[in-house]
Amino acid sequence: MRDDGGVSTESSGSPQSLSGRRLFLAGAVTGAAGVATSQATTELLRVETGPVVAVGELVRDLTPGPIAEWLIGVVKHADKPLLIIGTGLGLLVLCGLAGTLVRRHPLLPDLLFLVLAAVAGYAVLRRSGSAPADMLPVLVGWITWVVVLRLLTDMAVRAGEETGLDRRAFLTRMTAVAVGALVVGGLSQLLGRGRRQVEQARRLLRLPVKAGRAPDGVELGVDGVAPWRTPNADFYLIHTAIAIPTVSPADWSLRIHGMVERELVLSYQDLVERQLTEDWITLCCVSNPVGGDLIGNAYWSGVLTRQLLSEAGVKEGADAVKQTSQDGWTCGTPLVAMTDARNAMVALAMNGEPLPIKHGFPARTVVPGLFGYVSATKWLTEWEVTRFDKFSAYWTERGWGERGPVKTESRVDVPRNGASVPAGRLRVGGSAWAQQTGITRVEFQIDGSPWQEADLGAVPGVDTWVQWSGEAEVDKGSHQIAVRATDKADYTQTAVRVDVVPDGATGWHTVEFDAT
Ligand SMILES: Nc1nc2c(c(=O)[nH]1)N[C@H]1C(S)=C(S)[C@@H](COP(=O)(O)O)O[C@H]1N2
Ligand SMILES: [Mo]
């Protein structure tokens with residue numbers, strides 16, 4: 001409705017009087033600023049894939065196959081940089097358009113930014129293994145957009161008055177934001193260099209490990225039950241670190257000291273050259289509520305902790321190992337669990353791959369039978385052999401139990417809570433675990449009728465969870481199913497509900513569902 005020339009002769013000061021070109025520019029510069037802060041957040045938090053790359057991937061996946069092939073044929077190996085550049089340019093154009101929308105309504109650009117941020121958020125969350133925290137860069141970028149465009153268009157509104165000073169001020173501010181975006185963008189590239197080098201080093205590693213073949217019969221084939229082997233990308237994540245440590249194998253070492261005959265400092269190579277032990281171990285979190293999913297089962301490869309501790313020579317009187325990670329997190333592990341016959345290890349690989357960075361690359365501890373918070377140190381750097389009465393650790397200082405043995409537990413995966421199922425014969429199933437003890441029996445109960453014995457899947461030993469399944473006959477209406485496990489020490493779970501604090505939840509997992 002207005003000229004695009006920037007020369008307005010009337011109603012100066014109203015957004016309607018603004019030059020569309022100037023607003024477009026303001027929008028585009030704002031777009032760049034948001035990308036820069038978002039990218040900086042990505043690097044600061046060491047989020048694996050920031051919104052920029054995630055959106056690039058989304059664009060790639062939405063491009064129809066023949067067009068993508070034709071494009072790749074034209075640009076050859078430049079396809080990835082071009083994809084990112086093309087996506088970036090497209091984004092700047094959209095942000096420029098957002099700038100021009102100020103003339104229609106001051107909130108319209110915010111709305112368009114919200115849509116763009118939602119697409120970016122979707123692009124990030126659709127990647128397997130993404131965590132809610134990966135949304136932070138998107139949020140920071142969105143806030144930048146909203147704030148910077150206000151700053152610039154407020155000036156543009158006044159520059160619309162065509163007073164020489166305000167016009168200059170507008171240009172100055174535009175330049176400042178553009179330079180700021182370049183500097184922040186450049187700095188985040190620098191910040192990301194270390195992370196990219198570690199990712200590269202991880203990719204190039206060839207460890208003498210196997211992915212492990214799941215034993216026959218571990219899966220009972222009930223649709224909807226968690227797979228017996230948890231893929232790395234789906235494995236639950238718990239850590240206090242905000243920025244995930246990135247340590248290259250070349251810089252990694254484990255120092256073993258304290259109540260030992262010989263202090264040891266082991267390099268990554270020292271570990272790789274030792275005999276690697278491989279085993280199926282189910283890891284779970286003390287914060288896992290009854291029925292929760294903070295548990296996973298993987299094939300781990302690493303060096304036995306008892307071998308390393310015997311090389312160091314543990315002194316009489318020690319009963320604990322205080323473990324420290326690169327990010328300063330600590331835990332206290334009962335010495336016995338790291339020296340007895342179980343396969344406690346310094347793990348280098350998970351399901352046949354070098355540990356994912358989020359799961360502790362280059363090396364972490366895994367101790368069967370203990371909750372993660374007292375044992376499973378990621379980004380491991382140090383073991384101090386000591387006594388429990390001489391130290392405290394991160395979670396014990398916050399009121400959690402000192403030793404953290406896992407509890408015998410079971411879970412219903414099918415049906416899900418609130419599910420609606422066809423009346424009649426129904427397959428039910430889930431998992432049960434009691435690492436270091438083993439499960440002998442799982443029973444389920446429908447609507448308070450007598451307990452029925454479930455079928456159990458195969459297991460390679462006592463350190464993994466076991467699948468259970470069963471069949472039930474249900475009429476139309478609402479129902480309830482409960483599950484309980486019995487372990488090899490002849491303990492059967494009771495109905496008493498215990499909260500996760502201080503040493504792990506227990507109680508029958510009970511699920512409500514409808515049959516129709
Ligand atoms: N460095 C470090 N290691 C850590 C933690 C942590 O906060 N920092 N959390 C522990 C807890 S509470 C659990 S349950 C396990 C989770 O391991 P995962 O993220 O690989 O599943 O890691 C343990 N190791
Ligand atoms: Mo945990």
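A short reminder: the numbers here are calculations on the coordinates, not readings from a lab. Predicted model only: the values in this text are computed from it and were never measured. Neighbour counts are summed over all protein chains in view; Cβ atoms, including those assigned to glycine, are modelled from backbone coordinates with ideal geometry.
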Query raised in the report: For the Cα atoms of the chain, what angle does the longest principal axis make with the long axis of helix 108-125, in degrees from 0 to 90, nearest 10?
Result: 30 degrees
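Counting pairs of Cα atoms in region 383-514, how many percent are more than 23 Å apart?
Tail of the P(r) past 23 Å holds 42 percent of the pairs.
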Query raised in the report: Projected onto the charge dipole of the chain (+1 at Lys/Arg Cβ, -1 at Asp/Glu Cβ, origin at the Cα centre), which of Thr30, Gly194, Ser375 gives the Cα projection farthest towards the positive end?
Result: Thr30
Report task. Can you pull the one-decimal nm distance between simple spin-label points at Lys210 and Ser392, each 7 Å off the Cα toward Cβ? Result -> 4.6 nm
Query - Placed amide H near Val260: partners under 5 Å, 5+ positions off or other chain - result: Lys315
Report summary line: Farthest towards the positive end of the dipole of the chain, among Thr144, Asn297, Val59 and with Cβ unit charges of +1 on Lys and Arg and -1 on Asp and Glu, lies the Cα of Thr144
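In which sequence would Cys331, Cys285 go, from the one with the fewest C-beta neighbours within 10 Å to the one with the most?
Exposure proxy ranking, most exposed first: Cys285, Cys331.
Quick check on the exposure proxy: order Lys378, Lys476 from fewest to most C-beta atoms within 10 angstrom. Working shown, then result.
On the way: Lys378 27, Lys476 11.
Neighbour counts put them in this order, fewest first: Lys476, Lys378.
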Requested in this report: Kindly put Leu456, Leu149 in sequence by how many other C-beta atoms sit within 10 Å of each C-beta, fewest to most.
Outcome: Leu456, Leu149
Query raised in the report: Tilt of helix 51-62 relative to the longest C-alpha principal axis of the chain, in degrees (0 to 90, nearest 10)?
Result: 90 degrees
Report task. If a/c stays under 1.5 just call it rounded; otherwise compare a/b with b/c (prolate if a/b is bigger, oblate if not). Do that for region 323-366, with a ≥ b ≥ c from the square roots of the Cα gyration tensor eigenvalues. Result -> oblate
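Which value, in debye to the nearest 20, describes the size of the charge dipole of the chain about its Cα centre when Lys and Arg Cβ atoms bear +1, Asp and Glu Cβ atoms bear -1, and nothing else is charged?
1600 debye
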Report task. State, as an integer percentage, the relative contact order of region 215-298 based on alpha-carbon contacts under 8 Å between residues 6 or more apart. Result -> 31 percent
Query raised in the report: Long-range amide H contacts for Leu370: which residues qualify at under 5 Å (H placed 1.01 Å from N, peptide plane, sequence gap of 5 or more or a different chain)?
Result: Val406
Query raised in the report: Lys/Arg Cβ at +1, Asp/Glu Cβ at -1, dipole of the chain taken about the Cα centre: which of Ala123, Leu112, Val346 is farthest positive-ward?
Result: Leu112
Query - Debye, to nearest 20: dipole size of region 375-516, +1 on Lys, Arg Cβ, -1 on Asp, Glu Cβ - result: 160 debye
Query raised in the report: Taking the highest mean first, how do the peptides 490-498, 359-367, 91-99 order by number of other beta carbon atoms within 10 angstrom per residue?
Result: 359-367, 91-99, 490-498
Query raised in the report: Each residue of region 357-372 in turn: what ³J(HN,Hα) in whole Hz from Karplus with 6.51, -1.76, 1.60 and θ = phi - 60°, glycine and Pro shown as x?
Result: 4, 5, 9, x, 3, x, 8, 9, 9, 9, 10, x, x, 10, 4, x
Query raised in the report: Does region 251-313 come out rounded, prolate or oblate by the C-alpha gyration tensor, with a ≥ b ≥ c the root eigenvalues, rounded set by a/c under 1.5 and, if not, prolate when a/b is larger than b/c and oblate if not?
Result: prolate
**Report entry** Gained length - Gln480 relative to Thr510, 0.36 nm times residue gap less alpha-carbon distance
**Finding:** 10.1 nm
Requested in this report: Along Cα→Cβ, 7 Å out, is where each label goes; now give me the distance between the ones at Lys315 and Ala419 in nm to one decimal.
Outcome: 5.6 nm
Query - Under Karplus coefficients 6.51, -1.76 and 1.60, residue-wise ³J(HN,Hα) of region 420-430 in Hz, glycine/proline x - result: 10, 10, x, 5, x, 6, 9, 8, 10, x, x
Requested in this report: Please turn the phi angles of region 131-147 into ³J(HN,Hα) values with the Karplus equation 6.51 cos²θ - 1.76 cosθ + 1.60 (θ = phi - 60°), one per residue in order, whole Hz, x for glycine and proline.
Outcome: 10, x, 5, 5, 7, 4, x, 5, 4, 4, x, 5, 4, 4, 4, 4, 6
Query - Rough spin-label spacing in nm, given labels placed 7 Å along Cα→Cβ, for Glu263 and Leu171 - result: 6.4 nm
Query raised in the report: Counting only residues 5 or more places away or on other chains, whose amide H sits under 5 Å from the amide H of Gly360 once H atoms are built in the peptide plane?
Result: Trp379
Report summary line: Here FRET efficiency (C-beta to C-beta, Val501 to Glu273, R₀ 45 Å, nearest 0.05) is 0.60
Query raised in the report: Given 0.36 nm per residue, what is the gain on full extension from Gln200 to Asp447 after removing their alpha carbon distance, in nm?
Result: 83.5 nm
Query raised in the report: For region 207-225, list residues with backbone N below 14 Å from a point placed 7 Å from the Cα of Glu471 toward its Cβ?
Result: 222
Query raised in the report: Which of rounded, prolate, oblate describes the chain, given a ≥ b ≥ c as roots of the alpha-carbon gyration tensor eigenvalues and a/c under 1.5 marking rounded, otherwise prolate only if a/b is larger than b/c?
Result: prolate
**Report entry** Solvent-free Debye scattering, log10 I(q)/I(0), computed from the Cα coordinates of region 110-225 at q = 0.11, 0.19, 0.20 Å⁻¹
**Finding:** -0.67, -1.15, -1.18
